[in-house]
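Worksheet for the structure shown next.
The values are calculated or read from the model by the stated rules, or taken from the named source; none is laboratory data. Not measured: the values here are computed from a predicted model. Note that we place each Cβ from the backbone using ideal geometry, even for glycine, and neighbour counts take in every protein chain shown. Surface accessibility is based on the protein's heavy atoms, side chains included, excluding ligands, DNA and RNA. Shrake-Rupley method; radii C 1.70, N 1.55, O 1.52, S 1.80 Å.
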Amino acid sequence: MIWHKQWIFGNWKMNGNQADNAALLQGLRSVSHDNAHIGIATPFPYLSQAVQVLADSPIWVGSQDCSQFAEKGAYTGEVSATMLKDCGANFVLIGHSERRTYFNEQNQILRKKIDNALANDLIPILCVGETLEQRQSGQEMAVVAEQLAVLQGLSVNHIAVAYEPVWAIGTGVVANAEQIAAMHAFIHKEILSIMGENVTIRTLYGGSVNANNAADILSIDKVNGALVGGASLKADAFSAIIANAQTE
Ligand code: PGA
């Protein structure tokens, strides 16, 4: 059922503290929408807090990254997919553009993370998207195709991808409806050709989604949800976005 709803997921990034989180999570507990499957990606230290507060809610809790290393051991600072599962996570963001930019994460490492997530029964949400420079030079499809190539040979029936143009993240600039529609159609086509016609796909749009633009964005063909950064940090703003989830 979740694979046929719009996914409205929040990405807290490196924000939060126990007191603010408690208020935000309490606010989210009562939020629901028939058309929406809701999730939040918290920083690692707050994952258990979110799992606890949302224990009897259908809202998914996940993390923003996981280690490329599958086995426990001497990897200082790393958090494994196994640990995330153990703490109650349902999903993990993979290859967010901030990870790609600041930590130079590329397909080889990202594939290990996807494999580790799947091996631990976590849903990976692969994030893709081009920079402004790449779009201005007409390379956006080629860049996203190369990022999606990480899925080659993966044996799953369901896949979730977030399209987040780097130039739209945290900038207040949203890609226009034509740009979003064209890229989401392209991503669907690419995934079907890589993974076969039977795969079920969720493609979320991300980048400056807020309560005012959510309705327009979520009504675009092949937009199966939204990945929300800044506007997911306030329960009322995030609920207002969720309220715009559409039937598909
Ligand atoms: P934003 O971030 O909504 O603050 O632009 C989105 C994201 O990076 O996931």
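Surface composition of the chain: carbon plus sulfur atoms contribute 50% of the solvent-accessible area (1.4 Å probe, protein chains only, all chains present).
Here the Gaussian network model covers the chain, with springs between Cα atoms less than 10 Å apart; of ALA22, ALA226, ALA41, ALA22 fluctuates the most. The value of relative contact order for the chain, using C-alpha pairs under 8 Å at least six residues apart, is 23 percent.
The residues of the chain expose on average 46 square angstrom of accessible surface per residue, using a 1.4 Å probe on protein heavy atoms.
Loop-located GluC sites (Glu not before Pro) across the range 118-222 with a Cβ neighbour count of 13 or fewer within 10 Å are GLU197, with loop assigned by DSSP.
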